1. Report which label in (1) 12.9; (2) 18.7; (3) 12.0 holds the value of mean projected area of the Cα convex hull in nm² derived from the coordinates of this structure.
2. Averaged per residue, what accessible surface does segment 48-125 expose to a 1.4 Å probe, in Å²?
3. Given labels modelled 7 Å from the Cα in the Cβ direction, how far is it in nm from ALA69 to CYS97?
4. Treating the beta-carbon of each Lys and Arg as +1 and of each Asp and Glu as -1, no other charges, what is the dipole magnitude of the chain about its Cα centre, to the nearest 20 debye?
Amino acid sequence: PPPPPLPYTTLFRSGPVILSKLYWSISISKMMYGLEVLSLDCSEIQKLEHVHTNIAKQIQGLPKQTANAGCLATLGWLSIEGLLDMNRMLFIWRILCLSIDNIYRRIAIVRIAYALYSMHETKLGPCTEIVKSFAKYGILNMLKNAIDTGIVMRMGSAKRLIKSSVMSHEEERFRCT
C-alpha cells in the first residue's frame, strides 16, 4: 500500500474556505500581534502585504501574476493595511471606553489631542498613526468628538462603524484596481 500522505499535502487539498479560516485564526493573529502600537513605514507594510497576498494566491491556487486586490477580494479578505488601521482604531477606542479616572485613558486623551491639534508634525508614536487612520476612513470627527467632549460611543457601536468604514474603503479600493 502507498504511504500515508504528509499532513501538509492533505492540508493543501482542503478548500480555500478551510485554509482561509486557518490562516486568519492562526497566522494573522500571530503576525499582527502588537503592530497597532508600532509606527511602521511603507516598506514594512509592503512586506507584510506581499506575504499576505501570496498566501491568498496559494490558498486559491492562483498564479503569482494574479492581481493582488483580486485575490484578496475573492476571499473577502482585508488588506494588511486595512486590518492594521482597523486594529489601531479599535485599540484606541477600547482605551477611550475605560473609566474616566483611568490613567491610560488620560494619557491617551492628552497624546491624541496633541496629535489632533498640534501645529507641528511631530511623531507621537502610535497616536499620530491612529489619528491618520481615523482621517483616512472619514471618521475623524468621531475621534474629535470623543476627545473634545469626553463622551465616548459604546464599543459595540464604534466597532460596527469602524469596521463598516474600513470595509467600504477596501471595497472601493478593489473596484478601482
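1. Correct label is (1).
2. Values: 4210 Å² over 78 residues.
Per-residue accessible area for segment 48-125 comes out at 54 Å².
3. About 3.2 nm separates the two model spin labels.
4. On the way: 21 positive and 13 negative charges, 76 e Å.
With Lys and Arg at +1 and Asp and Glu at -1, about 360 debye.
The values are calculated or read from the model by the stated rules, or taken from the named source; none is laboratory data. The structure displayed is predicted, hence computed values, not measured ones. Virtual Cβ from ideal backbone geometry, glycine too; neighbours counted across all protein chains shown. Just so you know, the surface numbers come from the protein's heavy atoms only, side chains and all, with ligands and any DNA or RNA stripped out. Shrake-Rupley method; radii C 1.70, N 1.55, O 1.52, S 1.80 Å.
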